[in-house]
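In what follows, a single structure is set out as structure tokens and then discussed.
None of the figures in this text is laboratory data; all of them are computed from the coordinates on show. The structure displayed is predicted, hence computed values, not measured ones. With ideal geometry, Cβ positions are generated from the backbone for all residues, glycine too; neighbour counts draw on all protein chains shown.
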Amino acid sequence: MSAPVLALSGLTRHFGGLVALDALDMRVERGQIVGLIGPNGSGKTTSFNVLTGIYAASAGRAEFLGRDITNLRAQAVYEAGIARTFQRSRLCLPLSIFDNIMVGNHRRLEHGLWFNLFSRRAFARQFETAFEDARELVRVFDAPLAGRMFDAVGALPMIDRRRIEICRALISRPQLLLLDEPSAGMTEEETRELMDDILEIRGRIAGLSIVIIEHEMGVIERITDRCVVLNFGRKIAEGAYREVAADRQVQEAYLGVE
Amino acid sequence: MSAAPRAPLWPGIVAAALVTAFAVAFMWAENEWEVVGVLAAALVAVLVARRTGWLAPAARAFEMREPAMNRVTIVALLVFIAFFHDDHFPLLMVGTVLVYFTVCLGLTIQFGYSGVMNFAAAAFLGTGCYTAAVLSAHTSLPHLLVLAAGGAVAALVGSILILPVLRTRGHYAAVVTIAFGLLFRTFLEVNDTLGGPQGLKLPSMKLLGMTFNDNFSVAGIEFSFYMHYVLTALALAVLAFAVTRRLERSWIGVSLDAIRLDETASACFGIHIARWKIVAFTLGNFMAGAAGALYALMLGFIAPTNFTFGDSLVMVSIILLGGIGNAWGAALAAAIVVVLPEKLQLIQEYRFLLYAAMVIVVLLYRPEGLLPRPLRNYLPGWRPR
Amino acid sequence: MDAGLLAQFVANGLMLGMMYALVAVGFTLFFGVLDVIQFSHGDVLTVGAFTGYSTYLGLELLGADNPWLQVAAVIVVACGAMALLGALIAKYLVLPLKSAPPLNILLVTLMLGTVLRESVRLFYPDGANPKRFPRLLPTDAVALGSFNLRLDSVLLFLGGLAVIIAIHVLINRTKLGLAIRAVAQDEETARTMGINFTLVVLVTFGIGSAAAAFAGVMNGLYYNEINFGMGLWLGVIGFSAAIVGGLGNIYGAILGGFLFAALQTVGAVALPFASAYKDVFAFAVVIAIMAWRPTGLIAERTSERV
């Protein structure tokens, strides 16, 4: 079996007495879309936060493309090729769509003082390439939006902001994309559109693997290859959506015991 | 490239010309009634311009045709200076405004772009001043290098404060820089090696073989000796402005803004928070120090009373009133804040109170300031295909 | 070092610590309840001191010269007036900016502090010069060896202690205190529980400002002098003390206040030449602590959800 893109073993996180993440084991294969589901407070976002270096792991290990990335700083996790979106939309509202996407493009842009202050022609070339890239990406999600690249994000409706956030995560061509409730606040129609777009992106970026946290089971059923179910920080089931949905423990976790 | 029409230049030129005219009239005004009259006329002109829709095209000219408008502004400034070529006081004013403007550009990088709070701007200005005083009196370092040294020493002093400044919660940086701003004057006053409360004198600045403290004449036209300093200050301000604008209109500018707006997300996208805060803080302090060195040479004499906490707050007021993050706003506000108390003597005494009250009003009702910061325009005049 | 001199240093340090603690408590209350840095707090202390002084002058004019009456009146009027001022600041300056970036409230209150300070300097008769605050408390002293224990110092210290205890009781034993703690924990939930959020905020600001006023009067009675700039430095140290103790934690604030005073006293003892530099030393302490203190001494309450 080929090496997995992501392998979590025993990943644990305590907050004082509270065990938010309890010895999570999870694998993501190359090109897979894995759903991470579970009731509120089950540790899904915490697993993202630990993985991306926002919180330190209390125990356990995370391996990405064969490299140990446990407790790396957030910047280093990004450099390794993991990008994410946030449950509560975190865009820079006063900045333009293009600016926001460029925040995510840090890895592929030149940040030296000399380059930025003095090599204006080279900068202009990099700028134009980056602009084309960003605009293409936005066009996949919403063509009219691609014509408004220099509008302020603060003026956009929530669904457009979520799209921009995903573009920000994708622009650096990550190997692993972590989506945290991307469809929150969207109608069914919009959600379907968004999932179509995500699948199209997955087609375009070779080898892109995705872990998606969702509450919308229709989404999970439709686009994921596998699911991992968490409850109170520990994994209680794993498998294709059908299997997992039929699992007694999972049903109890969501609906309570009869 | 694209065939889209470019924003016309002439509204900007007209605006610059009008501002220059008002500035000249303001400087010429002798008594308080004339001053108030000029101010009132300026206010009326602005309101009329806004009503009749003339303000927007001028603003667009500045945004879209920035390189050309920069040159227009420099020309306008030179024209203004020419009007007062042999008059000491207006030239001293212009020099002071340019110095304050340079310091405020540094503050813009710190406060406006990266969100690093600095309530000790006057102390960093003062550090540059005292560096220049000591170096020019005790060494024969060429004065151009003295300016650089002033900046370097200010940057170095700032690095003492850097650890608290790097903390995520802004109030650490605030309390530490407030404390530094408060202490700077006290430290100088109790310390006799730096002149104590009496201050220090400086020799004339010498550059390119010219002794700055001598009046001179060219082709029969008399020039005040302050002209040397004003032109040097202009060069320094132009340099600082260019660096500040380039910084904003680059990937570094994006990173700085991202740090200010959301540190967690920035970290998740590879931005090195500490590094950029250090760069912003240090660069801003360097600008203040270099401007300070020139200021000291221009004044010929410095004392601790020039660099109080109140003065630091006035500089913060300038960038808040002008429009936080907007370099042009800082220029306009610096001119008004520095010159007004000199022409209207009665508010000289009240200026700390007045400016603080104005900032409160602005923060409550128009937090973006006089000239709100426009969206980032990476390559002025560029249009997508 | 002679024991009497040491005792004097300690006594001064304790008084200083009490004053810092009173100011720090205010900062911590404001932060706890609204996540807000109220930078005009130190200058509220100044206005409180001057209000007390004016009250004294007024009483003298009216011929009411019983010192105990005067002390009581000065304290009551100063604290009451500043409680009102604090509430007004909360209502008109802080609450309206609740949803603006937190930087704005810091800036607004910093500027307000300047307005208050400059107003005293410019509009109070001869405000630019220090004023002799009267000795209203008994000046008897008990000699313990070479150390003179002044009665008024003891009274002031006990008074400050009483204020702190009163605040502690208020926060922990009353319904109002419960409401304050609820709002400090979670504004949303507190509101849904029927707590009048605005009222709690105004009252909290009032309490903190009254404590500052007391510190200001205490300052005047102890040093027999007040001036328009007195609150600025006290505010900076009080704020630093509150940070050291963990913003939002009252006991931390008190601890922080005494810690700063202790460090200053140690500095004064260890570097006897440096009396002119005592402020510089205090400042160096502030920087060192701000640089070193990790969020973990007594952790600051952060409400950020990622």
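General observations
- Only a single item in (1) under 19 Å from residue C:24 (Cα atoms); (2) aliphatic (A, V, I, L, M); (3) without any contact (Cβ under 8 Å) to a residue 60 or more places away in the chain is not met by residue C:182, and it is number (1).
- Qualifying residue in segment C:28-35 (condition: surrounded by fewer than 22 Cβ atoms within 10 Å (Cβ to Cβ), within 11 Å of another protein chain (Cβ to nearest Cβ), in contact (Cβ under 8 Å) with a residue 24 or more places away in the chain and touching a Pro at 6+ places or on another chain (Cβ under 8 Å)): yes
- Residues that are surrounded by 14 or more Cβ atoms within 10 Å (Cβ to Cβ) and among the polar types (S, T, N, Q) within segment A:171-224 comprise A:172, A:175, A:183, A:191, A:209, A:224, listed in sequence order.
- Odd one out for residue A:185, checked against (1) outside any loop (DSSP other than H, G, I, E, B); (2) more than 18 Å from residue B:250 (Cα to Cα); (3) within 21 Å of the chain's Cα centre (by Cα); (4) more than 11 Å from chain B (Cβ to nearest Cβ): (1)
- Count of segment A:133-150 residues which are of a type in the set (D, E, K, R) and either at the interface with chain B (Cβ under 9 Å from one of its Cβ atoms) or touching a residue at least 60 places away in the same chain (Cβ under 8 Å) (or both): 1
- In segment B:162-173, the condition of being out of contact with any strand residue (DSSP E or B) (no Cβ under 7 Å at 6 or more places or on another chain), of a type in the set (D, E, K, R) and closer than 30 Å to residue C:101 by Cα is met by at least one residue.
- Here residue B:159 qualifies as surrounded by fewer than 17 Cβ atoms within 10 Å (Cβ to Cβ) and within 14 Å of chain C (Cβ to nearest Cβ).
- Hits in segment B:247-280 - residues which are acidic (Asp, Glu) and more than 7 Å from chain A (Cβ to nearest Cβ): B:248, B:263
- Taken over segment B:321-353, residues that are of a type outside the set (A, V, I, L, M, F, W, C) and under 20 Å from residue C:112 (Cβ atoms) amount to 3.
- Those residues of segment C:216-256 which are farther than 25 Å from residue C:172 by Cβ and not in a helix (DSSP H, G or I), in sequence order: C:224, C:225, C:226, C:227, C:228, C:229
- Residue match in segment B:187-200 (condition: among the polar types (S, T, N, Q) and under 25 Å from the mean Cα position of the chain (by Cα)): no
- Filtered residues of segment B:159-215 (kept if in a strand (DSSP E or B) and under 27 Å from residue B:310 (Cβ atoms)): B:200, B:201
- Scanning segment A:232-243 for residues that are in contact with a helix residue (DSSP H, G or I) (Cβ under 6 Å, 6 or more places away or on another chain) and in a helix (DSSP H, G or I) yields a single hit, A:241.
- Flag for residue A:129 being crowded, with 16+ Cβ neighbours inside 10 Å, out of contact with any Phe, Trp or Tyr (no Cβ under 8 Å at 6 or more places or on another chain) and more than 8 Å from chain B (Cβ to nearest Cβ): no
- When every residue of segment B:220-227 is checked against the conditions, at least one turns out to be of a type in the set (A, V, I, L, M), in contact (Cβ under 8 Å) with a residue 60 or more places away in the chain and within 30 Å of residue B:138 (Cα to Cα).
- Filter result (of a type in the set (D, E, K, R) and either more than 30 Å from residue C:96 (Cβ to Cβ) or part of a helix (DSSP H, G or I) (or both)) within segment C:1-36: C:2
Per-residue answers, yes or no, for (1) over 22 Å from the mean Cα position of the chain (by Cα); (2) β-branched (Val, Ile, Thr):
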site: C:118; (1), (2): no, no
site: C:171; (1), (2): no, yes
site: C:179; (1), (2): yes, no
site: C:185; (1), (2): yes, no
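- Within the option set C:227, C:196, being buried (at least 16 other Cβ atoms within 10 Å of the Cβ), of a type in the set (S, T, N, Q) and farther than 26 Å from residue B:172 by Cα holds for one residue only, C:227.
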